[in-house]
Every structure is written in structure tokens, then in C-alpha cells.
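Asks: The structure that follows is given in the form of C-alpha cells.
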């Protein structure tokens, strides 16, 4: 069983950044009376929190949408009266692949090339500090120990580099 802190960190990193777009997608669905997107999202979080593990979830956004669809279906099954429009729309709730489009991938590659050229042009210690922080995710203190600077100096160099 994953401890609660690890689960909260996983949700914050992998699901929370998508919550606004997920809520927009759910709002486009025809929901039964008395049910709104926020209710569905909260039920989804509860279901994810109850899972014994999240290790099997390769595409968190898609998984979350699939859970949302099952929550909606559960509400539809339990409802005494359901609009025919809601039933008709259930087949349209197929969850699409979370993979970026070819255009987005091409744009991302170009942005990475621009960033790589900018990093190459950085002088020292800016380049080393930038690489250690952004690529290796080292804390400022550890970077300072590696490059012989104080933690505060590393923060200032990094701030200037990012500007």
C-alpha cells in the first residue's frame, strides 16, 4: 500500500495539472440533473486515493477521464429518471489517446532545439548550475557543494540564468 503522502505527491504531479482540462471535458458531457463536473472530479479523486497502487497508471489524464466516465455511468444507472440525451451521449464519451498530435511533437522538438542552443551559449558557472538544477533536479545546496559556491550564490546565478 502506498502511503498517503506519496499518493498525494503522485496526484499533485500527475493529475492535478490536468484538472482544469478534465473539468472542461466533463462539462461538455450531458450530465444527469443534480450532478456536476466538480462532483465527478471529487469522486474520481476518492477512487484514485482508494487504489492499492498507482504504479499501473501509465497515462494519468486518460485514466482519470476513464474513471470519470465510470462515475457518470454509475450515476446514470442509479438515477430513477435519466434524460434520453444523456443516454444518447454515453457512446460519445470514448476517451481518446493522451499522446500529443504530430504538430505538437514537432513544435516541442523545435522548442527543445532552441533551448539547447541557448544552454550551449551560456558561460560557466551558469551552464553547469542550470544543467544540475533543471536536468538533474539537484537542490541548490548540493549544486553549491559541487561548484564551490554558497546556496545563496547558486540561487542568484540560477535566477540570472533564467532571466
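The values are calculated or read from the model by the stated rules, or taken from the named source; none is laboratory data. A quick note: this is a predicted structure, and the numbers were derived from the prediction, not measured. Neighbour counts run over all protein chains shown; Cβ positions are idealised from the backbone, glycine included.
Asks: Taking only the stretch 1-34 into account, find how many residues are more than 21 Å from residue 72 (Cβ to Cβ) and surrounded by 15 or more Cβ atoms within 10 Å (Cβ to Cβ).
Replies: So the count comes out to 4.
Asks: How do the pairs read when you match residues in the stretch 133-146 that are outside the structural domain of residue 157 (by TED's automatic domain parsing) and farther than 16 Å from residue 161 by Cβ with residues anywhere that are loosely packed, with under 15 Cβ neighbours inside 10 Å and modelled with pLDDT of 90 or more, using Cβ under 9 Å and keeping only pairs 6 or more apart or on different chains?
Replies: none
Asks: Mind checking which helices (runs of 4 or more DSSP H) fall wholly inside the stretch 116-163 and carry at least 3 residues that are exposed (fewer than 10 other Cβ atoms within 10 Å of the Cβ) and in contact with a strand residue (DSSP E or B) (Cβ under 7 Å, 6 or more places away or on another chain)?
Replies: By residue number, no helices (runs of 4 or more DSSP H) qualify.
Asks: Looking at this structure, is residue 95 over 30 Å from residue 161 (Cβ atoms), at pLDDT below 85 and under 20 Å from the mean Cα position of the chain (by Cα)? Please lay out each step first, then the result.
Replies: On the way: over 30 Å from residue 161 (Cβ atoms): yes; at pLDDT below 85: yes; under 20 Å from the mean Cα position of the chain (by Cα): yes.
Criteria met by residue 95.
Asks: While we're here: Residues being farther than 13 Å from residue 23 by Cα, assigned to a helix (DSSP H, G or I) and touching a residue at least 40 places away in the same chain (Cβ under 8 Å): count how many of those fall in the stretch 49-68.
Replies: Matching residues across the stretch 49-68 total 2.
Asks: Just give me the residues in the stretch 33-43 being touching a residue at least 12 places away in the same chain (Cβ under 8 Å) and either under 13 Å from residue 14 (Cβ atoms) or part of a loop (DSSP other than H, G, I, E, B) (or both), in sequence order.
Replies: 33, 35
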